[in-house]
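Chemist: Please read through the structure below; I'll follow up with questions.
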Amino acid sequence: MPDITSLILDDHDWFRRQFARLDDLTEPDELAKVWQPLADLLDVHAAAEEEIFYPHLLRRGDDAEDETLDAIGDHNDIRDAVLEAEQHPPGSQAWLDAVRKAREANSEHMAEEEDDGLADFRRHAGTKLRDELGQKFLDFKKRHEGGRDLVVEDLDPEKYVEEIEAKIGTAAPADGSLGIGGLKGRD
């Protein structure tokens, strides 16, 4: 089964390659052919993380609340830039500026997520859970491929965290763990 953290990293690598491909193109139709699948996956990826990954990070991570607040804000910046690009013809200066905003917001988000949220999650979630979530992540992406049936809207980061924390506040983690980490070495 696929580990969700590996799947997220695979998407990140693909995002980097697609943005790099845009650097080599100038023709509007070529730009659009690369941009549209990239824009679609940026939206699907963010929504999948919000539905599947971040609720479990909040349940298990050491600094999960701050990591999640920051990630949801980053997702909003990425969505806003993607939406802005959709308002302009591919290759126009306004389109290029919007794509640059999406790239910068996404690059910042990926670096922070890789260094913080994903590493934190790997330290606190077992492989069984990571594999189960990986399958859910793949299923979500397949169900919403190309942005199909996906609601794309900004989320209030604080409200998102509050709602997730309210849902998990009294519930045990799905993997049977108490979500408190190991007790070995504690007094």
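The values are calculated or read from the model by the stated rules, or taken from the named source; none is laboratory data. What you are looking at is a predicted structure, and each value in this text was computed from that prediction instead of being measured. Note that each Cβ is placed from the backbone with ideal geometry, even for glycine, and that neighbours are counted across all protein chains shown. Just the protein is used for accessible areas: all its heavy atoms, side chains included, with ligands, DNA and RNA removed. Shrake-Rupley method; radii C 1.70, N 1.55, O 1.52, S 1.80 Å.
Chemist: In Å², and per residue, what accessible area does the chain have when probed at 1.4 Å with the other protein chains present?
Modeler: On the way: 10100 Å² over 187 residues.
Averaged over the residues of the chain, the accessible area is 54 Å².
Chemist: Determine the shape class of the range 99-154: with a ≥ b ≥ c the square roots of the Cα gyration tensor eigenvalues, call it rounded for a/c under 1.5, and otherwise prolate if a/b is greater than b/c, oblate otherwise.
Modeler: Because a/c hits 1.5 or more and a/b fails to exceed b/c, the range 99-154 counts as oblate.
Chemist: Based on alpha-carbon positions alone, could you give the equivalent ellipsoid semi-axes of the range 1-145 from the gyration tensor, as √(5λ), descending, whole Å?
Modeler: Calculated on Cα positions only, the semi-axes equal 29, 15, 12 Å.
Chemist: State, to one decimal in nm², a quarter of the convex hull surface area for the C-alpha atoms of the range 69-173, i.e. the direction-averaged projected area.
Modeler: Quarter of the Cα hull surface area: 8.0 nm².
Chemist: Something else now. Quote the accessible area belonging to residue 97 in square angstrom, nearest 10, computed with a 1.4 Å probe and with ligands, DNA and RNA left uncounted.
Modeler: In the full protein context, residue 97 sits at about 70 Å².
Chemist: Right, next: Taking the Cα centre of the chain as the origin, how large is its charge dipole in debye, to the nearest 20, when only Lys and Arg (+1) and Asp and Glu (-1) carry charge on their Cβ atoms?
Modeler: With Lys and Arg at +1 and Asp and Glu at -1, about 840 debye.
Chemist: I would also like to ask the following. Carbon and sulfur: what percent of the chain's accessible surface (1.4 Å probe)?
Modeler: Carbon with sulfur: 48 percent of the solvent-accessible area.
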